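The values are calculated or read from the model by the stated rules, or taken from the named source; none is laboratory data. For clarity, every value in this text was computed on a predicted model and none was experimentally measured. Cβ placement follows ideal geometry from the backbone for every residue including glycine, while neighbour counts extend to all protein chains displayed. Surface accessibility is based on the protein's heavy atoms, side chains included, excluding ligands, DNA and RNA. Shrake-Rupley method; radii C 1.70, N 1.55, O 1.52, S 1.80 Å.
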Amino acid sequence: MSVASGKIALISGGGAGIGLQYAKELLRNGLRGVTLADICKTNGENAVKEIGDEFGDDKVLFVKTDVTDRNQYEEAFEKTVDRFKNIDIVVNNAGVMNDAIWERQISINLVGTIFGCILAVEKYLPKYKTGSEGVVVNVASVSGLEKFQAFPIYSATKRAVVGLTRAWGKDVHYLRTNVRFLALCPGVTDTPLLRECLDRHLGPAYQDIMKGNLPHLNIQSAECVAKGFLHVLNTGKNGSIWVVEHSEPPYEIVIPSRKQFRKK
Ligand SMILES: NC(=O)c1ccc[n+]([C@@H]2O[C@H](COP(=O)([O-])OP(=O)(O)OC[C@H]3O[C@@H](n4cnc5c(N)ncnc54)[C@H](O)[C@@H]3O)[C@@H](O)[C@H]2O)c1
């Protein structure tokens with residue numbers, strides 16, 4: 001039986017792209033209800049209609065949320081508990097790839113994720129989880145693990161998301177909260193984020209680098225990432241970091257201690 005069975009999830013940025021597919025995959029695997037916390041009302045309303053048609057209107061709630069505003073993000077948690085009584089799985093998925101507005105990008109990708117983690121682990125999951133364990137899945141990117149020349153600042157936000165997942169994923173936290181932390185690093189995926197990235201650079205030199213990269217990209221579907229996400233949710237150990245790329249099953253990576261990097 002899946003970890004999703006009988007549970008309630010909140011997905012930031014769940015109105016479109018990969019986040020919407022996470023919601024559907026969870027519902028296919030027995031999820032009781034999902035909140036989509038998204039800044040875009042049109043995306044949110046379309047997603048509610050899609051999910052309602054496929055799984056039933058009682059399964060989904062949209063809360064218009066800007067994750068960079070702690071009060072708005074908390075309202076999404078509150079409304080989830082009001083509607084579904086519980087909250088078990090938080091997916092910090094909302095993100096942009098836009099170095100042209102890099103301060104805002106840091107707010108969405110990193111500050112928003114931190115708000116989501118704090119609300120989940122210090123307040124809502126320990127109190128409102130259905131079973132014995134809550135789960136936070138933070139969405140990073142392979143670009144947070146590699147040198148992504150075209151988007152240095154995006155890359156830094158995703159590296160930071162990996163770092164905070166590893167720190168909150170230490171057992172000392174789990175022992176007091178019963179909340180498992182996981183990070184998922186998708187590879188290149190066919191969504192609006194990818195399709196719209198060409199004018200979202202620091203400047204023309206970066207755009208040229210990206211144009212040079214584009215023909216070599218091995219692009220997977222959002223549905224494929226969602227299948228990998230479910231596997232990670234069901235099997236991933238606390239603090240583990242996973243990659244899902246090239247339309248293949250996800251694999252776990254282990255980041256070595258700094259002592260192994262020491263120059264001889
Ligand atoms: N598409 C890729 O190739 C790829 C690869 C690796 C990681 N990712 C990551 O996966 C996540 C989802 O990306 P996607 O490709 O589905 O993007 P997307 O643009 O298709 O969807 C992102 C959703 O987030 C919402 N959003 C944006 N800013 C928000 C905010 N401030 N508050 C709440 N919601 C907000 C948008 O309205 C949209 O519905 C992001 O964190 C992204 O960095 C994507």
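Which links in 237/264; 129/158; 147/237; 7/147 stretch past 30 Å when you go from one Cα to the other? As for pairs spanning more than 30 Å Cα to Cα, those are 237/264; 7/147. Each eigenvalue of the Cα gyration tensor of region 212-259, multiplied by 5 and square-rooted, gives one semi-axis; in descending order these are 23, 18, 6 Å.
Computed over the chain, the per-residue total of -39500 (n - 2.57) for DSSP H runs of n ≥ 4 gives a 222 nm mean residue ellipticity of -12500 deg cm²/dmol, rounded to 500. With everything on Cα atoms, drop me the angle between helix 204-213 and the longest principal axis of the chain, reported from 0 to 90° to the nearest 10. Taking Cα atoms only, the helix is inclined about 80 degrees. Label region 8-255 by shape, choosing from rounded, prolate and oblate, from the square roots a ≥ b ≥ c of the eigenvalues of the Cα gyration tensor; if a/c is under 1.5 it is rounded, and otherwise prolate applies when a/b is larger than b/c, oblate when it is not. Prolate shape, in that a/c is at least 1.5 and a/b is the bigger ratio. Annotation for region 228-245 versus region 68-137: alpha-carbon center distance of 18 Å. Ordered from highest to lowest accessible area with the whole protein assembly present and a 1.4 Å probe, 264, 24 read as 264, 24.
For region 8-255, the antiparallel share of DSSP beta bridges with both residues in that region comes to about 10%.
Computed with a 1.4 Å probe on the full set of protein chains, the accessible area for residue 248 sits at about 100 Å². Out of the total accessible area of region 8-255 (probe 1.4 Å, heavy atoms of protein only), what percent is carbon and sulfur? In region 8-255, the share of accessible area belonging to carbon and sulfur is 53 percent. Each of 70, 262 has its accessible area taken with a 1.4 Å probe; listed largest first, they run 262, 70. Backbone geometry of region 179-196 corresponds, through the Karplus equation with coefficients 6.51, -1.76 and 1.60 at θ = phi - 60°, to 3J(HN,Hα) couplings of 10, 8, 10, 9, 10, 10, 10, x, x, 4, 10, 6, 9, x, 4, 6, 5, 9 Hz, x marking Gly and Pro. Quick check: from the Cα gyration tensor, does region 148-250 come out rounded (a/c under 1.5), prolate or oblate? Note, shape of region 148-250 comes out oblate.
With the Cα gyration tensor of region 23-134 giving a ≥ b ≥ c as the square roots of its eigenvalues, does the rule (a/c under 1.5 for rounded; else a/b larger than b/c for prolate; else oblate) give rounded, prolate or oblate? Oblate, because a/c is 1.5 or more while a/b does not exceed b/c. Solvent-accessible surface of region 54-196, averaged per residue with a 1.4 angstrom probe and all protein chains in place: 42 square angstrom.
Note on exposure: 114, 241 ranked by accessible area (1.4 Å probe, complete protein assembly) read 114, 241, with the most exposed listed first. 3J(HN,Hα) couplings calculated from phi for region 20-37 with the Karplus curve 6.51 cos²θ - 1.76 cosθ + 1.60 (θ = phi - 60°) are, in sequence order, 5, 5, 4, 4, 5, 5, 5, 5, 4, 10, x, 4, 7, x, 9, 9, 9, 9 Hz; Gly and Pro show x. In order along region 140-155, the phi-based Karplus estimate (6.51 cos²θ - 1.76 cosθ + 1.60, θ = phi - 60°) of 3J(HN,Hα) comes to 9, 5, 4, 5, x, 10, 10, 8, 9, 4, 6, 9, x, 7, 3, 4 Hz; Gly and Pro are listed as x. Could you grab the relative contact order for the chain? Cα pairs under 8 Å, six or more apart, rounded to a whole percent. Contact order relative to length: 17 percent. Amide hydrogen proximity for residue 135: with H placed 1.01 Å from N in the peptide plane, the residues at 5 or more positions away or on another chain lying under 5 Å are 89, 90, 180.
Of the peptides 195-207, 159-171, the order by per-residue mean of other Cβ atoms within 10 Å, starting with the highest, comes out as 159-171, 195-207.
Residue 154 contributes an accessible area of around 20 Å² to the protein surface, as traced by a 1.4 Å probe with all chains present.
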